[in-house]
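Report on one structure; see the data block that follows.
The values are calculated or read from the model by the stated rules, or taken from the named source; none is laboratory data. The structure presented is a predicted model; accordingly, all values stated were derived computationally and were not measured. In this analysis, Cβ positions are derived from the backbone assuming ideal geometry, glycine residues included, and neighbour counts consider all displayed protein chains. Each accessible area value is taken on the protein alone, full model and side chains, heavy atoms only, with ligands, DNA and RNA left out. Shrake-Rupley method; radii C 1.70, N 1.55, O 1.52, S 1.80 Å.
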Amino acid sequence: MSPQDNPQQLWTAVDDWAAARLIGEDEVLDAALEAADRAGLPQIAVAANQGKLLHLLARMQGARRILEIGTLAGYSAIWLARALPAGGTLTTLEIDPAHAEVATANLRRAGLADRVEVRLGAARDTLRQLTEEGVEPYDLVFVDADKPNIPHYLEASLALTRPGSVIVVDNVVRGGRLADEQSSDEAVRGVQRLHELLAGDKRLDATTVQTVGRKGYDGFTLIRVEG
């Protein structure tokens, strides 16, 4: 069977072809994925080309302060932290102690521990703590966490950003189920509610882009805070 006869095989082949030319080998990132596998973490980290996209978005944004909701093994955190200028910082939120431990080790191995803070706890709690602390606004927020709580994460992110900040929400298309108005899946309902909030909030300008690739069929929402 040729890749053209199997869409997933074709999407993966294209990802690999492009990544080999535009990203190349990266021992640090490979080690982070291997550590996650050894620890038995789910294989749900962003693909390499998606990590590079986050890296480029952070650089284009000139982000000095980045917030990540959902750390897992720290793979996307490495991509984001590498985009920071001197003195820049990344705060990443993780609910699972085992995940946070792997991520902390991966970030240390990557030489990024001095610019990344891993906060352990439920994101609803750690986001509230950040707000109560009155932290300086974040320039970029990457949301890659449990989808039923996505509407809450958006609202919390608005209290932690400024006009001109960018918010990226991953895994919103859910294999096309985003458009299923009859879905009872809480993850689908969460991303549908996200879109309802975006449509009704004049402070935000957004678009959702469908993607295919190594991770299958999904997509992300890109949001700019207007005011």
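Is it the case, given these coordinates, that Leu33 is touching a strand residue (DSSP E or B) at 6+ places or on another chain (Cβ under 9 Å) and of a type in the set (A, V, I, L, M)? Answer is no for this residue. Scanning the range 17-49 for residues that are open to solvent by 50 Å² or more (accessible area, probe 1.4 Å) and among the charged types (D, E, K, R) yields Arg21, Glu25, Glu27, Asp30, Glu34, Asp37, Arg38.
Taking residues in the range 140-164 that are at pLDDT 95 or above, and partners anywhere that are open to solvent by less than 60 Å² (accessible area, probe 1.4 Å) and in a loop (DSSP other than H, G, I, E, B), the pairs with Cβ atoms closer than 6 Å and at least 6 places apart or on different chains are Leu140/Ala63; Asp144/Gly70; Ala145/Gly70; Thr161/Pro137; Arg162/Pro137; Pro163/Gly227. The single condition among (1) part of a loop (DSSP other than H, G, I, E, B); (2) out of contact with any helix residue (DSSP H, G or I) (no Cβ under 7 Å at 6 or more places or on another chain); (3) closer than 30 Å to Ala159 by Cα that Ala73 does not meet is (2). Among the residues of the range 78-109, those identified as crowded, with 19+ Cβ neighbours inside 10 Å, farther than 19 Å from Leu41 by Cα and of a type in the set (A, V, I, L, M) are Leu80, Ala81, Ala83, Leu84, Leu90. Asp125: under 22 Å from Pro148 (Cα atoms), out of contact with any strand residue (DSSP E or B) (no Cβ under 8 Å at 6 or more places or on another chain) and of a type in the set (D, E, K, R), yes or no? In short, yes. Only residues that are of a type outside the set (Lys, Arg), part of a helix (DSSP H, G or I) and closer than 18 Å to Phe142 by Cα were counted in the range 152-191, giving 10. Tyr75 - would you say it is in contact with a Ser or Thr (Cβ under 8 Å, 6 or more places away or on another chain), closer than 25 Å to Thr221 by Cβ, aromatic (Phe, Trp, Tyr) and open to solvent by less than 20 Å² (accessible area, probe 1.4 Å)? Here the answer is no, as Tyr75 does not meet what is asked. Put simply, of Gln43, Gln8, Gln61 the only residue that is in contact (Cβ under 8 Å) with a residue 60 or more places away in the chain and either closer than 25 Å to Pro137 by Cα or touching an Asp or Glu at 6+ places or on another chain (Cβ under 9 Å) (or both) is Gln61. Pairing residues of the range 194-214 that are over 13 Å from Leu178 (Cα atoms) and basic (Lys, Arg) with residues that are open to solvent by less than 90 Å² (accessible area, probe 1.4 Å) and not in a helix (DSSP H, G or I), at Cβ distances under 7 Å and at least 6 apart in sequence or on separate chains, gives Arg203/Val225; Arg203/Glu226; Arg203/Gly227; Arg214/Ala47. A single member of Leu84, Leu90 is within 19 Å of Gln50 (Cβ to Cβ) and part of a loop (DSSP other than H, G, I, E, B), and it is Leu84. Of these, Asp125, Asp114, which one is in a helix (DSSP H, G or I) and either at pLDDT 95 or above or surrounded by fewer than 24 Cβ atoms within 10 Å (Cβ to Cβ) (or both)? Of the residues listed, the single one that is in a helix (DSSP H, G or I) and either at pLDDT 95 or above or surrounded by fewer than 24 Cβ atoms within 10 Å (Cβ to Cβ) (or both) is Asp125. So, Leu194, is that one closer than 21 Å to Ala45 by Cα and either assigned to a strand (DSSP E or B) or in contact with a Lys or Arg (Cβ under 9 Å, 6 or more places away or on another chain) (or both) or not? Spelling it out, it is not the case that Leu194 is closer than 21 Å to Ala45 by Cα and either assigned to a strand (DSSP E or B) or in contact with a Lys or Arg (Cβ under 9 Å, 6 or more places away or on another chain) (or both). Name, by its number, the condition in (1) open to solvent by 10 Å² or more (accessible area, probe 1.4 Å); (2) within 23 Å of Gly219 (Cα to Cα); (3) under 16 Å from the mean Cα position of the chain (by Cα) that does not hold for Arg65. Only one criterion in (1) open to solvent by 10 Å² or more (accessible area, probe 1.4 Å); (2) within 23 Å of Gly219 (Cα to Cα); (3) under 16 Å from the mean Cα position of the chain (by Cα) is unmet by Arg65, namely (2).
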